[in-house]
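Chemist: Provided herewith is a single structure, encoded as structure tokens, for subsequent inquiry.
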Amino acid sequence: MATIVGGITTSHIPSIGNAISNGIQSDPYWAPFFEGYAEVHAWLDDVKPDVAVMIFNDHGLNFFLDNLPTFAVGAAPEYRSEDEGWGLPTFPPYRGDAALSWHIIDSLIDQEFDIATCQEMLVDHAFINPMRLLWPDQNPPPIAAVPIHINTVQHPLPKPSRCLDFGKALGPAIESYDEDLKVVLVGTGGMSHQLDGKRAGHINKEFDKLCMEKLVDEPEALTEFSIHDIVRLAGTQGTEIIMWLVMRGALGARVKKVHSSYHIPISNTAAGVMVLERAA
Ligand code: DHB
Ligand code: FE
């Protein structure tokens, strides 16, 4: 049977990709950010997952305002990357596992999550940058991917409680798959940020820290915030924390924190990286 080996939260901001491309990870500006990934690499080397379920938000590459599913699951043999205008490189297609995707889709729909199914799906910076961060020297990365998109572009967004419940359905959907695969869950995005409007550059360290703390032992506490509370507290794009809630829901009731790092660069967006494992 498939096993969930753990979950990772990670930032996906476009400038990370450009920092990697320019080889400036150890510059003083970037070093505190990239240093937060050393322990994640050690953990990944140790657990050696076969599959990454990438919970990310499409930013307008596949879906636009005219047609925007709340939840969409990729079911393709491979996923092509494209740049939406950030000047990021594209990469050879990422390997999928369509059989696992269809199993997950069957199970989610059986559990009454009526997702969109995508036999073609492009992947943007919210998928590519985490791949480059998690497997920096390995391109293509040594895993198959199942991409899962959550709408954070067009309101109404799914409620935090719905996202946690989606994760609670996703966990059993993965673990009922009849192949001996090790699966890591990756929730991309966050933390507090607002890219436009009067509050552009808004960051809320206190709220970010609260999210990181509660995500471990008390994720239900985060469902008490409405999407509009999160916009107010964490900025318009701070809603990306819902990807983390999906990941956390899929890990099950109790987890232990293996690693955590938080960094506010001088740019727009606070970055949090965590590794969580299931606890007995
Ligand atoms: C930035 C952050 C994002 O989440 C994103 O999708 C694009 C840009 C930023 O901080 O620049
Ligand atoms: Fe984003």
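The values are calculated or read from the model by the stated rules, or taken from the named source; none is laboratory data. Source: prediction; values computed, not measured. Note: ideal-geometry Cβ built from the backbone for every residue, glycine included; neighbour counts use all protein chains shown. Side chains included, ligands, DNA and RNA excluded: accessible areas come from the protein's heavy atoms. Shrake-Rupley method; radii C 1.70, N 1.55, O 1.52, S 1.80 Å.
Chemist: Being farther than 26 Å from His59 by Cβ, of a type outside the set (Gly, Ala, Ser) and out of contact with any Ser or Thr (no Cβ under 6 Å at 6 or more places or on another chain), is that true of even one residue in region 181-199?
Modeler: Yes, region 181-199 contains at least one residue that is farther than 26 Å from His59 by Cβ, of a type outside the set (Gly, Ala, Ser) and out of contact with any Ser or Thr (no Cβ under 6 Å at 6 or more places or on another chain).
Chemist: Would you pick out the residues in region 87-111 that are open to solvent by 40 Å² or more (accessible area, probe 1.4 Å) and over 22 Å from Gln138 (Cβ atoms)?
Modeler: If the condition is that a residue be open to solvent by 40 Å² or more (accessible area, probe 1.4 Å) and over 22 Å from Gln138 (Cβ atoms), then Gly87, Ala99, Trp102, His103, Asp106, Ile109, Asp110, Gln111 are the ones that fit.
Chemist: Among the residues in region 21-40, are any farther than 28 Å from Asn268 by Cα, more than 16 Å from ligand 2 (Cβ to nearest atom) and either under 19 Å from the mean Cα position of the chain (by Cα) or of a type in the set (A, V, I, L, M, F, W, C) (or both)?
Modeler: No, that holds for no residue.
Chemist: Let me ask something additional. Search region 181-231 for residues being of a type in the set (Val, Ile, Thr) and assigned to a helix (DSSP H, G or I), and hand back the single one that is farthest from ligand 1 (Cβ to nearest atom).
Modeler: That would be Val216.
Chemist: Within region 19-34, can you find the residues that are open to solvent by 50 Å² or more (accessible area, probe 1.4 Å) and either of a type in the set (Asp, Glu) or in contact (Cβ under 8 Å) with a residue 40 or more places away in the chain (or both)?
Modeler: Listed by number, the residues that qualify are Ser21, Asp27, Tyr29, Pro32.
Chemist: Any chance you could count how many residues in region 214-239 are under 12 Å from Ser192 (Cα atoms) and open to solvent by less than 10 Å² (accessible area, probe 1.4 Å)?
Modeler: Residues meeting the conditions: 5.
Chemist: Could you run through region 136-148 and say how many residues are at pLDDT 95 or above, more than 16 Å from ligand 1 (Cβ to nearest atom) and of a type outside the set (Gly, Ala, Ser)?
Modeler: Of the residues in that region, 6 qualify.
Chemist: Would you point out the residue of region 59-90, among those that are touching a helix residue (DSSP H, G or I) at 6+ places or on another chain (Cβ under 7 Å), hydrophobic (A, V, I, L, M, F, W, C) and closer than 25 Å to Leu181 by Cα, that is nearest to ligand 2 (Cβ to nearest atom)?
Modeler: Top of the filtered list is Phe71.
Chemist: Now for a separate question. I need a count of the residues in region 61-80 that are closer than 20 Å to Asp106 by Cα and open to solvent by 40 Å² or more (accessible area, probe 1.4 Å).
Modeler: 3
Chemist: If you don't mind, another one. Quick one: is Arg132 assigned to a strand (DSSP E or B) and out of contact with any Lys or Arg (no Cβ under 6 Å at 6 or more places or on another chain)?
Modeler: no
Chemist: Next question, about the same structure. Please determine whether any residue of region 241-249 is open to solvent by 50 Å² or more (accessible area, probe 1.4 Å) and within 16 Å of ligand 1 (Cβ to nearest atom).
Modeler: No, that holds for no residue.
Chemist: Also, I was wondering about something else. Inspect region 149-157 for any residue being open to solvent by less than 40 Å² (accessible area, probe 1.4 Å), at pLDDT 95 or above, away from ligand 1 (no atom under 16 Å from the Cβ) and not polar (S, T, N, Q) and give the result as yes or no.
Modeler: No: zero hits.
Chemist: When you scan region 250-273, how many residues do you find that are within 13 Å of ligand 1 (Cβ to nearest atom) and at positive phi?
Modeler: Looking only at that region, the number is 0.
Chemist: Residues to consider are Asp46, Asp58; find the one that is open to solvent by 50 Å² or more (accessible area, probe 1.4 Å) and not small (Gly, Ala, Ser).
Modeler: Exactly one residue qualifies, and that residue is Asp46.
Chemist: A further question on this structure: Being within 15 Å of ligand 1 (Cβ to nearest atom) and either modelled with pLDDT of 95 or more or of a type in the set (A, V, I, L, M, F, W, C) (or both): is that true of Ser81 here?
Modeler: Yes: the conditions hold for Ser81.
Chemist: Across region 112-135, what is the total count of residues that are under 28 Å from Gly235 (Cβ atoms) and either open to solvent by 60 Å² or more (accessible area, probe 1.4 Å) or more than 16 Å from ligand 1 (Cβ to nearest atom) (or both)?
Modeler: Qualifying residue count for the region: 5.
Chemist: Search region 258-272 for residues being among the hydrophobic types (A, V, I, L, M, F, W, C) and closer than 15 Å to Gly238 by Cα, and hand back the single one that is most open to solvent (accessible area, probe 1.4 Å).
Modeler: Among residues in region 258-272 that are among the hydrophobic types (A, V, I, L, M, F, W, C) and closer than 15 Å to Gly238 by Cα, the one most open to solvent (accessible area, probe 1.4 Å) is Ile264.
Chemist: Right, another one. Can you name every residue in region 204-213 that is closer than 18 Å to Arg248 by Cβ and surrounded by 17 or more Cβ atoms within 10 Å (Cβ to Cβ)?
Modeler: Phe207, Asp208, Cys211, Met212
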